[in-house]
Each structure stands twice: as structure tokens, then as C-alpha cells.
Amino acid sequence: MKTLYFDCFSGISGDMTVAALLDLGVPQDYLIENLKKLGISDEYEIRISKAVKNGIEGTDFDVILKEEHHHHHDEQIEHEHEHDHVHEDYTHVHPHVHDEHSHGYEHHHHHGRNLFDIEALIDGSTLNDNVKKLAKDMFRVVAEAEAKVHGKDIYEVHFHEVGAVDSIVDIVGTAICIDYINPDKIVSSPVNTGRGFVKCQHGIMPVPAPATLNILKDVPIYADEREMELTTPTGAAVIKTLASEFRKFPELKVKKAGYGCGKRNTEKPNVLRVILGETDSQENCILEATIDDMNPQIYGYLMDKLFEEGAKDVYFTPVYMKKNRPGIVITVTAPVILEDRIKEVLFRETTTIGIRKLNIERTELQREFKKVGTEFGEISFKVSKYKDRVVNVTPEYEDVKKAAERANLPLKEIYGAISRHIGEFYNR
Ligand SMILES: O=C([S-])c1cc(C(=O)S)c[n+]([C@@H]2O[C@H](COP(=O)(O)O)[C@@H](O)[C@H]2O)c1
Ligand code: NI
């Protein structure tokens, strides 16, 4: 499985992410051409260069706003960010901005965009659907956090004047790069947020900034001795949206690494490291629900739906539950990456109100499919090997059934006759 690992030992910001993904090998021209699809390339310039941080060469990514008085970094203290003032103005002038029809506001570059404007910009572009979805998901995460922190509606919060364009470039740029790399799975290390205080448009704020902290709910975070903001709200939104798991180095065969430079120099390399690798075994889980109040006609249909979604195995176990009620345990084995889809089927199709999840290790035999001609016609076999030795040869039930029907003989006789051929397949 193609796995992308984000090593956030110096935190994460929007520009560090794009820089790291470029460093990993996403072609610069590909990114720039795709960003043009947003139709706002007259508002910014992109600078991509190489930089060295504590002896590590990485990529530096900068969005330069065309208007000179607008500049933005993920720096602390010395940089001012204006979004608080903008919140106030915007709320005052447009109390119903979340109602798109009362949105008689003319946008031009001087005004920050709100979530509605940004979603419209993304939706109106020719970017592919996957990029659009990823980018919109990330923006929504930022907007939800901002709204929560400031007690406002998500369509009311404003992506601050200075940050709007570079947040758009960073977030959409990240989505373009991720879509290009197309990993099966994204994992992140625990996130170093930094500590201390940062001066932004709200004034002085504790690090992690309230929006960052809000976004990183359920994510393992820490801070080392560096007293500065290492993870920004944009970086937090990127990693929260992309990573399906947060943990220390997973076991993976390393293929490539990329380094995205932060803007400051610190005792530890101020870089975001991304690692592309192959994970050997597919991680699986068991999802279970126990039910005592469902129409039995639903079970067969449910099983079909679960297999259609990619379940590896589904079985039902009769049990006696509390109050001596007969019930059924539905057990589904599935790759962890399909967890959400399987849960969706279980919640949609059954009466359960809860699902248990167990992470499991599943050892799979190497399998090959073969065919053999028999007196009852051609039958398919599954030849299973463990450490290159054949341990099982299994005729395909559907073929055996058809042969039995054709010959008008009991199934067990066909199995018996076929077993003569099976020996030939052992130890090949
Ligand atoms: O605009 C946003 S999302 C924002 C919210 C907050 C809050 O905690 S509320 C803080 N800040 C600070 O602005 C800069 C830039 O952040 P980016 O994510 O736009 O790079 C940073 O110092 C944040 O802490 C921004
Ligand atoms: Ni804010």
C-alpha cells in the first residue's frame, strides 16, 4: 500500500506542506498550471527555491501577494495578521453573509473571502473533483474552528485579508499535490505545535493558537523547547483532513523523502518531512454490531451490500442477549481504509446504534487461480501458498455446483471426483 507519512517534528504550516510535497517530486509546472485553474493568478506570484536548514536541503515555497502592502508568513510575533478586524467589519456590513442570495457584496482583491466565496471559487474552477473535495474539506475545517473560537457562523468567519490568497494557494496547492501523488493512505506523526505566544490580528495569543488547538481535537500534540508557533491553523487543517492515523513511524519500505522548509531558523531543522513508502500488509479491522430488533429479511441484503463495499468477510452469529432475547452479532472483516464505508452501510441498513472496532492482523496466503479439465467439465481452483509452499487447493464452489447440475449428480460426488485432480497442484 502506497503510504505517505508526515513527520511533523517541527510542526506544519500550509507553505511547508506544499514545499515538502514539491520536494518529494510533484513537478512545479504541474502545480502552477493547476493553480491557474482557480483564475486568481493575477493576485499572487509563486516563488519556489531550494533552502538549507541545519544542513538539510529542502524546498521553500512562498506565495507573494501582488499588492505590496499585503504580505503573509506563518511567522510569529513580528508579523501581524488582520483577520480579527476583518471579522468585525464583515459581520457588521453583512449580517447574513451565510445566505448566498442576500450576498450583495462585490468582491475584489482587497477584501478577504469567506467560506462561501472560497467554495464558489473552487467549485467554479476546472480542477478535478478529488482536488475540489480535498481543498473544500480543508477550508471547512479551518472555518469550523474559527467559527467555534469566535462564536460565529462558519459562513460568517472571514479568511483574513492578508491570508486569504495564500491560504487558498497553500490549501488548493496541497490538494493538487496529494491528488498527483495519490497515496492509498496518509499517516502523520504526533504534531509539534510549538509553545509560547504569537502576535496575530487578534493581538497576542497563546500557542497553539486557539484555532489550531480546536482543529487538532483528537490529534496527539506536543511541544518541544522551541518557544514559537510551529503549527498554524492552515497546517493543522491540512494534516487533520489528510491523515487517517496519527502515530510514531509506521513500518514502511521507504521510497522517497521530501523536506519543506519553514521560514525561521531554529536549533532543530525547521522543516516538514514527508516520506513516501510501501506498507507491506494491508491493515484490517473487525467491525461488529449486535442486534436484537431487526427484520430477518434484511440480513441477506446487508451481507451483499457489505461485500460490495469491499468487506473481506461477513458472518452472522446467533447469540442470546440481555433479557434473554435472541440476537445476531454481525461481524465484518475489512481493510482499515474502508472502515468509514462499512460503518456507513451498517448504520444505514441495520437498526444498530453502535459499532465496535477491533484492529487485527490478518495473514493472507498467496493465492493463484487455475483451471483444470475434468470429466465434468472445466473447474477453477484456488491454489494457496504459505512461504511459497502450496498448503491448500480449493475447487471453486460455483463451478462444482454447475458441474453437479450438468451431470445431475450429488455435489459430494463431484467434489470426490475432483479431488483426484487436486493432488497434481500440490508442491508445484
Ligand atoms: O485565520 C486564521 S485561520 C487564524 C486564526 C487564529 C486563531 O487562533 S483564532 C490565529 N491565526 C494566526 O494567524 C497566523 C497565520 O495563520 P495561517 O494558518 O493563515 O498561516 C498564525 O500566527 C495563526 O496563529 C490565524
Ligand atoms: Ni481567528
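The values are calculated or read from the model by the stated rules, or taken from the named source; none is laboratory data. Keep in mind that this is a model prediction, so the values were computed, not measured. All Cβ positions, glycine included, derive from the backbone under ideal geometry; neighbour counts span all protein chains shown. To get the accessible areas, we keep the full protein, side chains included, count just its heavy atoms, and leave off ligands, DNA and RNA. Shrake-Rupley method; radii C 1.70, N 1.55, O 1.52, S 1.80 Å.
With semi-axes defined as the square roots of five times the eigenvalues of the C-alpha gyration tensor, the equivalent ellipsoid of the stretch 284-354 measures 21, 12, 10 Å, largest first. Between the C-alpha center of the stretch 121-171 and that of the stretch 290-332 there is a gap of 41 Å.
Which residues make up the longest stretch of the chain that has no chymotrypsin sites (Phe, Trp or Tyr not before Pro) in a DSSP loop with at most 15 other Cβ atoms within 10 Å? So the longest stretch without any such site is 106-425.
For the stretch 303-318, 3J(HN,Hα) computed residue by residue from phi via the Karplus equation (6.51, -1.76, 1.60; θ = phi - 60°) reads 4, 4, 4, 5, 5, 4, 7, x, 4, 7, 8, 9, 8, 10, 10, x Hz, glycine and proline entered as x. Using Cβ point charges alone (K and R +1, D and E -1), the dipole size of the chain about the Cα centre works out to roughly 2640 debye. Spherically averaged projected area of the convex hull of Cα atoms, the chain: 28.7 nm². With R₀ fixed at 56 Å, the C-beta to C-beta distance from Arg367 to Asp42 puts the FRET efficiency at about 0.50.
Could you give the angle, 0 to 90 degrees to the nearest 10, between helix 339-349's Cα long axis and the longest principal axis of the Cα atoms of the chain? Approximately 70 degrees, to the nearest 10. Counted residue by residue at 0.36 nm each, then reduced by the alpha carbon distance between them, the extension gain from Glu33 to Lys382 reaches 120.8 nm. The amide H of Phe246, built 1.01 Å from its N in the peptide plane, has Ser188 as neighbours under 5 Å, considering only residues 5 or more places off or on other chains. Listed by chain and number, the lysines whose alpha-carbon sits under 29 Å from that of Lys322, ignoring those within fewer than 8 places in the same chain, are Lys305, Lys343, Lys357. Residues in the chain average 50 Å² of solvent-accessible surface per residue, probe 1.4 Å, ligands and nucleic acids excluded. Under 29 Å of direct C-alpha separation, and excluding same-chain neighbours fewer than eight residues apart, Lys387 reaches these lysines: Lys2, Lys185, Lys253, Lys255, Lys256, Lys312, Lys370, Lys371. Annotation: amide H-H contacts under 5 Å for Glu396 (H modelled 1.01 Å from N, sequence separation of 5 or more, or interchain): Ser380, Phe381, Lys382.
By a 1.4 Å probe calculation restricted to protein chains, Ile337 has an accessible surface near 90 Å², given to the nearest 10. Please sort by residue number the trypsin sites (Lys or Arg not before Pro) in the stretch 148-256 whose DSSP state is loop and whose Cβ has at most 13 other Cβ atoms within 10 Å. Filter output for the stretch 148-256: Lys217, Arg247, Lys248.
Which sequence of Thr59, Thr317 reflects their accessible areas, 1.4 Å probe, from the largest down?
Working: Thr59 5, Thr317 55 Å².
Solvent-accessible surface, decreasing: Thr317, Thr59.
Given the Cα-Cα distance of Leu358 and Lys255 and 0.36 nm per residue of separation, how much length would full extension add, in nm?
Values: separation 103, 0.36 × 103 = 37.08 nm, distance 2.99 nm.
Difference between extended and current length: 34.1 nm.
Here's the thing: no lysines lie within a cross-link span of Lys152, going by alpha-carbon distance under 17 Å and ignoring same-chain residues fewer than 8 apart.
Taking every DSSP bridge with both residues inside the chain, close to 85 percent are antiparallel. For the stretch 209-329, the residue among Ile298, Tyr320, Leu213 whose Cα projects farthest onto the positive side of the dipole built from Cβ charges is Leu213. Rounded to the nearest Hz, the phi-derived 3J(HN,Hα) couplings of the stretch 245-259 under the Karplus curve 6.51 cos²θ - 1.76 cosθ + 1.60 (θ = phi - 60°) are 8, 10, 6, 5, 1, x, 6, 8, 8, 6, 10, 8, 9, x, 10, where x marks glycine and proline.
Distance between the 7 Å Cα→Cβ label points at Glu267 and Asn408: 8.9 nm. Here is the list for the stretch 228-301: GluC sites (Glu not before Pro) lying in DSSP coil, each with at most 15 other C-beta atoms within 10 angstrom of its C-beta, are Glu251, Glu267.
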